[in-house]
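The values are calculated or read from the model by the stated rules, or taken from the named source; none is laboratory data. These numbers were taken from a predicted model, which means no experiment stands behind them. Cβ placement follows ideal geometry from the backbone for every residue including glycine, while neighbour counts extend to all protein chains displayed.
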Amino acid sequence: MALETKEKLIGKNTYKVTQLGAVTGRKVFAKLMGLVGPAMAVAAGEGGVEKALASLFSGLDDANMDYFCDQFAPNTMVSTGGKLFKLSDIFDLHFAGNYGELASWLLFSLEVNFGDFLDVLKSRVVNAPEPAKEASE
């Protein structure tokens with residue numbers, strides 16, 4: 001049995017992300033749930049998608065961002081400029097001034113590791129009721 005590796009072209013670079021093992025993955029999943037839980041509660045209530053996303057992003061501070069990047073980068077290979085690198089070895093230079101690609105890679109890493117959970121989450125957020133509008137007097 002082997003960990004699954006998925007590949008994706010993001011910008012001009014190809015990222016090969018290998019799943020985390022279950023021991024590390026469960027810790028990352030617990031951290032993810034801590035961020036997603038409050039957003040799910042907002043979405044399930046009268047908050048709507050926009051407020052749910054705002055809740056999710058408000059919990060993504062620098063410590064959490066560091067944590068997720070530090071967990072996924074060692075399990076990522078990136079093909080850039082015709083060469084293959086372990087992302088953790090070139091992370092600082094690779095993403096300098098390129099935060100859109102960093103966000104795309106991070107989302108891809110989450111999909112590779114927690115795709116089944118994210119599918120459920122997406123369906124719940126997309127199907128969340130819109131907040132009630134106040135009637136005009």
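Scanning segment 78-110 for residues that are in contact with a Leu (Cβ under 7 Å, 6 or more places away or on another chain) and either of a type in the set (Gly, Ala, Ser) or surrounded by fewer than 16 Cβ atoms within 10 Å (Cβ to Cβ) (or both) turns up nothing. Of everything in segment 6-42 that is surrounded by fewer than 16 Cβ atoms within 10 Å (Cβ to Cβ) and among the aliphatic types (A, V, I, L, M), the residue that is nearest to Leu106 (Cα to Cα) is Leu9.
Restrict the check to segment 35-57 and report whether at least one residue is under 25 Å from Ser79 (Cβ atoms), at pLDDT 80 or above and under 15 Å from the mean Cα position of the chain (by Cα). Checking segment 35-57: not a single residue is under 25 Å from Ser79 (Cβ atoms), at pLDDT 80 or above and under 15 Å from the mean Cα position of the chain (by Cα). Going by the structure shown, is Leu118 closer than 20 Å to Ile10 by Cα and modelled with pLDDT under 90? Against the criterion (closer than 20 Å to Ile10 by Cα and modelled with pLDDT under 90), Leu118 qualifies. The number of residues in segment 96-119 being closer than 13 Å to Thr76 by Cβ and of a type in the set (Phe, Trp, Tyr) comes to 2. Taking the numbered list (1) over 16 Å from Phe117 (Cβ atoms); (2) assigned to a helix (DSSP H, G or I); (3) at pLDDT below 90 in turn, Met1 passes all entries but (2).
Based on what the data block shows, is Ser88 among the polar types (S, T, N, Q) and modelled with pLDDT of 95 or more? So Ser88 passes the test.
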